[in-house]
Each structure stands twice: as structure tokens, then as C-alpha cells.
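The values are calculated or read from the model by the stated rules, or taken from the named source; none is laboratory data. For clarity, every value in this text was computed on a predicted model and none was experimentally measured. Glycine gets a Cβ as well: all are built from the backbone with ideal geometry, and neighbour counts include every protein chain shown. The protein model used for the area step is the full one, side chains on, heavy atoms only, and it has no ligands, DNA or RNA in it. Shrake-Rupley method; radii C 1.70, N 1.55, O 1.52, S 1.80 Å.
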Amino acid sequence: SKPVEARNVFAHIRLATVGCMNCCNCHPFIQKDNNNRTWTLVHNGTIFSYPPLDKYKRYQSGVTDSERVLLHIVDEINKAEEDHKLTADERFNIIEAIVSKLAKNNKLNLMIYDGSVMYIHTNCQGGIHYLKTERGYLFSTKSLNCDKRWKHLPINTLYAIEDGQLKRTGKRHENSYHLTDENLRQILKSVPIELQESILRNFK
């Protein structure tokens, strides 16, 4: 009844597998870099282990692994821009390198926006669906309607969308995610008992 009109829109309904349910843990996460770009991130997944993220626990507003991913990305962009402002291709290459490493043994369905370019990645089969329309792209964890044009986003590849068009496609990495019993135990250990049943349903 109240359409949202914008060039880029993120919407996220959070199933809290890491961190309690409060505003500081809600997506999207937003962070400015040193060149005043505003970065936005939504993440459907779990980082089970990635030591370079640990230092951000002291600085983040909430407690989620997703927020730490964004802080890490912006930190790496800032380091790379100490000498010169990065081109769109250079930013893509940095994000691609980070995402490829992060994807190993972790579930990484990501959508990131740097103020001009949207980056999309999944390492789970069927983790993200997309629909190409005359006005641009729609991306979603699941198809949003019965339109048969919805397709699975190919996994283990970073994509860059700008002005509604696919501008860059990265190299395919090998770090696919497969849920293990240990991963599931780790997830269940971090959530309240009353939410564990819904978590189990989601992962079946």
C-alpha cells in the first residue's frame, strides 16, 4: 500500500542465530569509510570461524558476526586507499578477495552496497535467487512471487550491479558451504531454547 521508491533498496528479516534480538543486532549494518562512502551490508549466514574478525568485537555496536564482516571490509578499503582513491575495479577486487577467504567453512549469503555499486555473493546452493526485470535486478533468499523467471544465483562468485546492470563478475572460488552437525550444534548453542525449534526448521 506504500511502495518504496529508490534506486537501491535493502530489506532484511532477521532469524537471530548469533546475538540477541535487539536493534543494535538488526540488519542492515552501515559504516562510512575514510572517503565518506556509506557502506551497507545484509548477511544471511553464519561466520563459524574467521580470526581476522575477532578484533572488531571491541568496536562494534552489537554482537553479530555480520557487523564484524562490514567493519573488516571497510577497514581493508581504508588501508588500500591510504595512497590513492580506489577505482570501482579496485574496490571489486578487494571485496572479492575478502569474500573468497571468508567463505571457507562459513555460510556467506551477502549483499553489500558502497553508495554506487551493489555486491552480491552466496556460497550455498539456492542461497540467493534473482529476477532480472526491465528496471534492474531483484535479489532474495527465496523467490518473492510465482514468476517463473526467478533463478538461483550461481554460487561462489562475486557479482557487481551498478545502475541496475551487471557490471562485473568475479572468479569462481571453491569454498562452498555445507551444513555440518558441528555447525548446527554451534548455532543452537548461541540461541535461546525457545528459538531452537524454529532454527532447526529453517536449516532442514
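Quick look at the numbers
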quantity	calculated
Output for the range 61-75, where each listed residue is free of Cβ contacts under 8 Å to residues at least 40 places away in the same chain and in contact with a helix residue (DSSP H, G or I) (Cβ under 7 Å, 6 or more places away or on another chain)	Ser61, Arg68, His72, Ile73
Single match in Asn106, Asn78 (criterion: among the polar types (S, T, N, Q), in contact (Cβ under 8 Å) with a residue 24 or more places away in the chain and closer than 16 Å to Asn34 by Cβ)	Asn78
Residue match in the range 63-70 (condition: within 18 Å of His12 (Cα to Cα), open to solvent by 10 Å² or more (accessible area, probe 1.4 Å) and assigned to a loop (DSSP other than H, G, I, E, B))	yes
Scan of the range 22-62 for residues that are under 20 Å from Ile120 (Cα atoms), modelled with pLDDT under 90 and not in a loop (DSSP other than H, G, I, E, B), ordered by number	Asn44, Gly45, Thr46
Matching residues, the range 76-91, being small (Gly, Ala, Ser) and out of contact with any helix residue (DSSP H, G or I) (no Cβ under 8 Å at 6 or more places or on another chain)	Ala88
Residue pairs meeting the criteria (Cβ under 7 Å; at least 6 apart or on separate chains; first open to solvent by 60 Å² or more (accessible area, probe 1.4 Å), in the range 32-60; second among the polar types (S, T, N, Q))	Lys32/Thr38; Asn34/Asn78; Ser49/Asn105
Residue check for His121: at pLDDT 95 or above and open to solvent by 50 Å² or more (accessible area, probe 1.4 Å)	no
Test: Asp75 is modelled with pLDDT of 95 or more and among the acidic types (Asp, Glu)	yes
Members of the range 125-154 that are more than 25 Å from His178 (Cα to Cα) and among the charged types (D, E, K, R)	Lys132, Glu134, Arg135, Asp147, Lys148, Arg149
Count of residues meeting criterion [open to solvent by 100 Å² or more (accessible area, probe 1.4 Å) and part of a loop (DSSP other than H, G, I, E, B)] in the range 142-182	10
The range 82-107: number of residues that are outside any helix (DSSP H, G or I), open to solvent by 20 Å² or more (accessible area, probe 1.4 Å) and more than 24 Å from Gln125 (Cβ to Cβ)	5
Scan of the range 4-21 for residues that are open to solvent by less than 60 Å² (accessible area, probe 1.4 Å) and modelled with pLDDT of 85 or more, ordered by number	Phe10
